[in-house]
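The values are calculated or read from the model by the stated rules, or taken from the named source; none is laboratory data. What you are looking at is a predicted structure, and each value in this text was computed from that prediction instead of being measured. Here the Cβ positions follow ideal geometry from the backbone for every residue, glycine too, while neighbour counts run over all protein chains shown.
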Amino acid sequence: MTALTRLPLYWRICLINGLVFLVGTVVLAASPATISTRVLVSEAIVLLVGLVLILFANALLIRSTLAPLERLTRLTESVDLQSPREQLSDDGHGTVARLFRGFNAMLDRLEAERSSSNAKALAAQEAERHRIAQELHDEVGQGLTAVLLGLKRATDRAPDDLADELRGVAEIARSSLDEVRDVARRLRPGVLDDLGLLSALAAACTDFSTHSGVHVRRGFAPGLPPLSAEKELVVYRVAQEALTNVARHALASTVTVSLSTQGDAVVLLVADDGVGIHGRAESTGIRGMRERARLVEGSLVVRTRIGGGTEVRLVVPTGTVTP
Ligand SMILES: Nc1ncnc2c1ncn2[C@@H]1O[C@H](COP(=O)(O)OP(=O)(O)O)[C@@H](O)[C@H]1O
Ligand SMILES: [Mg+2]
């Protein structure tokens, strides 16, 4: 039987057909039936029944041979491209198994291609943010600082009524400068480079709490292993998106942001006490988090917590193997 399944599909069908015709011929030769020169009705009936039996046996055998192809067709139509490998498996031999393996290899290549273009897109996005943040800081920020200094000098020399007006203008310029710095910081967490992940996360939490009114409980475990700059950026961006989602969707009053270690991995947990996600369709935000996690071989789970609310859990391997 294994030898038969190893045969190419074409030869298997030829063999089945040959076998069915052989059996038909043998039965015909061994039976006492005769056929007159002018076929009688009774003989025609016997011939017809024989033919139907042969066709039926042939169809049945070919159908079972082609069944795996049917299965493959159905699978290719319904395969989930987010996790393709879980769904296609055939450990057999022969043409169909080869087709399965070829299809799986193609899915793998597709997945690798998708991952690498996602990585490129994210890297390009980060580079662009970096550039805009730098320009905001250097061009707009320094311009506004110069305006402020000029206004201060002018205020010192101006008569009282004009000085008051100039102070008002200086106030507007100062708050614009703060906003520009804020935008630049959100675009590119410079503090990540200067002070590290914990300070950047703490600043993001404070910022989030001020703007959203949601109370943030921070829990950063001491002695966290160091992460590469790329991994720190992933943790930071995931926390940023998770907090944005809390503000936009959760209707929460408190959110916990914690960093801890688990084996040789760092775990970021953003858990709110809001309405919960309840299997709502993922959109660009959560998919982006997932892609970022995948970039650093991490994993991301977003789910409704047992007591209500949503939790986002990111696990990032540190990359240093503990003995
Ligand atoms: N913390 C949360 N609480 C409740 N629902 C959430 C939360 N985070 C995400 N969701 C739900 O999941 C959906 C997908 O989130 P996301 O992929 O970030 O897309 P977006 O924020 O652009 O809608 C949201 O539209 C929302 O319905
Ligand atoms: Mg979102």
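Worth pointing out:
Each row is one residue, and each column tells you yes or no for (1) at pLDDT 80 or above; (2) closer than 30 Å to Leu233 by Cβ; (3) touching a strand residue (DSSP E or B) at 6+ places or on another chain (Cβ under 9 Å); (4) not aromatic (Phe, Trp, Tyr).
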| position | (1), (2), (3), (4) |
| --- | --- |
| Pro32 | no, no, no, yes |
| Glu70 | yes, no, no, yes |
| Gly94 | no, no, no, yes |
| Ser117 | yes, yes, no, yes |
| Ala121 | yes, yes, no, yes |
| Glu126 | yes, yes, no, yes |
| Arg131 | yes, yes, no, yes |
| Leu136 | yes, yes, no, yes |
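- Counting only helices (runs of 4 or more DSSP H) that fall entirely inside region 87-206 and contain at least 2 residues that are within 30 Å of Arg290 (Cβ to Cβ), the qualifying elements are 94-135, 160-187, 190-194.
- Residue satisfying condition, being within 16 Å of ligand 2 (Cβ to nearest atom), touching a strand residue (DSSP E or B) at 6+ places or on another chain (Cβ under 6 Å) and of a type outside the set (Phe, Trp, Tyr), within set Val275, Val266, Val255: Val255
- Arg292 surrounded by 21 or more Cβ atoms within 10 Å (Cβ to Cβ), basic (Lys, Arg), touching a residue at least 24 places away in the same chain (Cβ under 8 Å) and not assigned by TED's automatic domain parsing to the domain that holds Arg129: yes
- Within region 258-286, tally of residues that are more than 8 Å from ligand 1 (Cβ to nearest atom) and under 15 Å from Ser212 (Cα atoms): 1
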